[in-house]
1. Name the lysines eligible as straight-distance cross-link partners of Lys68: C-alpha to C-alpha under 22 Å, and not fewer than 8 places from it in the same chain.
2. So what's the gap between the Cα centers of segment 35-58 and segment 59-123, to the nearest angstrom?
3. Modelled label-to-label distance, Asp103 and Val90, 7 Å Cα→beta-carbon offset: nm?
4. Tally Lys/Arg at +1 and Asp/Glu at -1 over every other residue whose Cβ is under 12 Å from the Cβ of Val80; what's the total?
5. Dipole size in debye (nearest 20) for segment 59-123 around its Cα centre, Lys and Arg Cβ +1, Asp and Glu Cβ -1?
6. Name the residue farthest towards the positive end of the dipole of segment 44-84 from the options Ile46, Pro63, Leu78, assuming +1 on Cβ of Lys and Arg, -1 on Cβ of Asp and Glu, about the Cα centre.
7. Can you run phi through the Karplus equation (6.51, -1.76, 1.60; θ = phi - 60°) for segment 83-95 and list ³J(HN,Hα) in whole Hz, with x for Gly and Pro?
8. From the backbone phi of segment 43-60, what are the Karplus-calculated ³J(HN,Hα) couplings (6.51 cos²θ - 1.76 cosθ + 1.60, θ = phi - 60°) in whole Hz, Gly and Pro given as x?
Amino acid sequence: MYLSSVQAGFPSPAEEYMDRPLDLHEHLVRHKSATFFLRASGQSMINAGIFDGDLLVVDRIIPATHNKVVIAELDGELTVKRLVRRNGRVLLAPENPDYPEIDITEDEYVHIWGVVTYVIHKL
């Protein structure tokens, strides 16, 4: 890993800034024993920057509070959605207007697996 940031304008020599090998876990995983990775599938979260095939970093320790992007188990299936509390209701909200919100206020069979902390995708 290099110590300096990269210029988005003119290039600069980087060899003298070499620090140590990059360990992505050091940067992406806060709670090692409570973090897992999975792949996103579908188009419902594209406006949150989550695309089909992206790798999601999920932390089970972070509280699933209002506006967090979460992994939820709903009817035996996993989904990634934004957790929203609105007017006394709890919703799993997509980030694509072509998909409906899912009201989970009284659903006994919803389990929040964790909070998405990072998204990794190809350019």
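Quick note: the coordinates plus some simple rules give every number you see, no bench work behind them. All values derive from a computational prediction rather than experimental measurement. Virtual Cβ from ideal backbone geometry, glycine too; neighbours counted across all protein chains shown.
1. Counting by Cα, and skipping residues close in sequence, Lys68 has these lysines nearby: Lys32, Lys81.
2. Comparing the Cα centres of segment 35-58 and segment 59-123, I get a distance of 12 Å.
3. Reported label-point gap for Asp103 and Val90 is 1.5 nm.
4. -1
5. 440 debye
6. The residue sitting farthest along the positive end of the dipole is Pro63.
7. 7, 10, 10, 8, 6, x, 10, 10, 10, 9, 10, x, 10
8. Rounded to whole hertz, the list is 10, 6, 10, 4, 6, 9, x, 10, 10, 3, x, 5, 8, 9, 9, 10, 10, 7.
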